[in-house]
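To keep things clear, I will list the structure first and then write my remarks on it.
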Amino acid sequence: MKKRWIALGLVMVMAGTLAAGCGSGEGETAGSTPGTTALEEGGSDELYVYNWGEYIDEDVIAQFEEETGIRVIYDLFETNEEMYPIIESGSIAYDVVCPSDYMIQRMLENDLLAEIDFSHVPNVSQIDPAYMDMSKAFDPDNRYSVPYCWGTVGILYNTKRLEELGVEPPTKWADLWDERLSGEILMQDSVRDAFMVALKKNGFSMNSTDEGELQQAKEDLISQKPLVQAYVIDQVRDKMIGGEAAVGVIYSGEMLYVQGEVENLGLDYELEYVLPEEGTNLWLDSWVIPKNAKNKENAEKWIDFLCRPEIAKLNFEYITYPTPNKGAFDLLDDDMKNNKTVFPDIDTLQNSEVFSYLGYDVDSLYNDFWKEVKSK
């Protein structure tokens, strides 16, 4: 899902590989011995992290390394579907990974995750109980995951361009089938996100397993395709800022960046975000530890460190995706707390759902139908 550039991964892999345990050992990490590095405790001095692109503040990584003496080797993935086979194959033993809700469920069902020792993660108490409850949809006993970021999927639109086209601002997913928007629509290049749009448009669950409903969604996506300028992932944000399209399906966490760029560039149009009335995807990305992790305690130190309110706040200010950390939220100014685009009230998100893993057979059906859409 959702993040920005790949170059960071190469930089962080190099930095993690070349670092020589630069920590002074003077800081304290909850769950570790104060004043000691990982090596002094008799453990490993490495941590292999697998995360989305630009989904963490580089300063946070540096602080973690300095405080713990643990070298972070950092790799990136662009989609859950890209990440999963790497973890399943065990070809690289990552210590901590940040998948999305439905993919965590799939990993659990296939026995790929280790149970977290929460005695090493006392700062999990900073996670708002609402998000721990939300996690139960894919981690029923809250034993394998810790929420990191959450958000919604909606429609970003260019007010000026729509006015020029004589089109009213969108209010529902069905508006993305308006023929006046030919060549002006950016769709997510992701099977579940694309089908979510079409399924919700028709009043179906985005977790539908009904072949007839999926067939209808497939046909709708095929009929929409002549209107679509491009299927993209990270590029939605930049194309919309550049005035290249009128509307785009986007993740809510991009809004602070988008709004800031529009202001900084002095653009003569506004980019607005709307949650379609048919309902949408309410998503949650969480940290998990693969079962074959070689540095599990270091992974738990990492998760605990990221749960500190001041660290979570620093991270939020960099990546701009909503934080589930109540301590960090309390540190924000009132304007940010009241920004309903970034922090919508969960209980007001009618007809919204969390993605579920639907099993191998249904997953294959989605993928086959998606291939048909893309091949037309």
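The values are calculated or read from the model by the stated rules, or taken from the named source; none is laboratory data. Everything numeric here is computed off the predicted structure, so don't read it as measured data. Neighbour counts run over all protein chains shown; Cβ positions are idealised from the backbone, glycine included. Accessible surface areas use protein heavy atoms only, side chains included; no ligands, DNA or RNA. Shrake-Rupley method; radii C 1.70, N 1.55, O 1.52, S 1.80 Å.
For A114, the residues whose amide H sits under 5 Å from its own are I289, K291, ignoring neighbours fewer than 5 places away on the same chain, with H placed 1.01 Å from N.
The modelled label-to-label distance between Q235 and E219, using points 7 Å beyond Cα along the C-beta direction, is 3.1 nm. Rounded to the nearest 20 debye, the dipole size of region 144-217 about its Cα centre is 220 debye, using +1 on the Cβ of Lys and Arg and -1 on the Cβ of Asp and Glu. 3J(HN,Hα) along region 284-289, derived from phi through the Karplus expression 6.51 cos²θ - 1.76 cosθ + 1.60 where θ = phi - 60°, amounts to 9, 9, 9, 7, 9, 10 Hz, with x in place of Gly and Pro.
The lysines whose alpha-carbon is closer than 17 Å to the alpha-carbon of K218, local same-chain residues fewer than 8 away aside, are K200, K201, K371, K374, K376.
For region 207-326, the carbon plus sulfur part of the accessible surface works out to 46%, probe radius 1.4 Å. Length gained on full extension, A130 to N338, computed as 0.36 nm times the residue gap minus the Cα-Cα distance: 73.1 nm.
Normalised by 2.2 N^0.38 Å, where N is the number of residues, the C-alpha radius of gyration of region 73-174 stands at 1.47.
3J(HN,Hα) couplings calculated from phi for region 249-259 with the Karplus curve 6.51 cos²θ - 1.76 cosθ + 1.60 (θ = phi - 60°) are, in sequence order, 7, 8, 8, 4, x, 7, 5, 4, 5, 4, 4 Hz; Gly and Pro show x. Here's how it looks for G151: its modeled amide H is under 5 Å from those of W283, which are all 5 or more places away or on a different chain. Once backbone amide H atoms are built at 1.01 Å from N, F77 has N51, W52, G53 as its partners under 5 Å, excluding neighbours fewer than 5 places away on the same chain.
With the alpha-carbon atoms of region 126-248 aligned to their principal axes, the span from lowest to highest coordinate is 51, 37, 22 Å, starting with the largest. Annotation: per residue accessible area for the chain equals 40 Å², rounded to a whole number [probe 1.4 Å, protein chains only]. Shown is the FRET efficiency for S89 and S375, computed with R0 = 22 Å from the Cβ-Cβ distance and rounded to the nearest 0.05: 0.20. Quick one: compute the contact order of region 294-376, relative version, from alpha carbon pairs under 8 angstrom and 6+ residues apart, as a percent. So the answer I get is 17 percent. In order along region 312-317, phi translates into HN-Hα couplings of 4, 5, 4, 5, 4, 5 Hz, rounded to whole numbers, per the Karplus curve 6.51 cos²θ - 1.76 cosθ + 1.60 with θ = phi - 60° and x for Gly and Pro.
Using the Cβ-Cβ distance between D111 and D345 with R0 set to 51 Å, the FRET efficiency from 1/(1 + (r/R0)^6) comes to roughly 0.90. Any idea how far the Cα center of region 37-107 sits from the one of region 111-145, in Å? A separation of 17 Å, based on Cα centres.
When both region 238-285 and region 290-340 are represented by their alpha-carbon centers, they are found 23 Å apart. In terms of overall dimensions, the C-alpha atoms belonging to region 217-353 reach 51, 38, 30 Å along their principal axes, ordered largest to smallest. Each listed q (0.07 Å⁻¹) maps to a log10 I(q)/I(0) for the chain, found by the Debye formula over equal Cα scatterers with no solvent: -0.31.
Structure remark: mean-square fluctuation, Gaussian network model of the chain, C-alpha springs under 10 Å; the largest value among G69, G260, G90 belongs to G260.
Considering only Y94, Y360, Y318, the mean-square fluctuation computed in a Gaussian network model of the chain, springs between alpha carbons under 10 angstrom, is largest for Y360.
With a Förster radius of 41 Å applied to the C-beta separation of N202 and R143, the computed FRET efficiency comes to 0.70. Among 351-359, 149-157, 109-117, the peptide with the highest mean count of other Cβ atoms within 10 Å heads the list, and the full ranking is 149-157, 351-359, 109-117.
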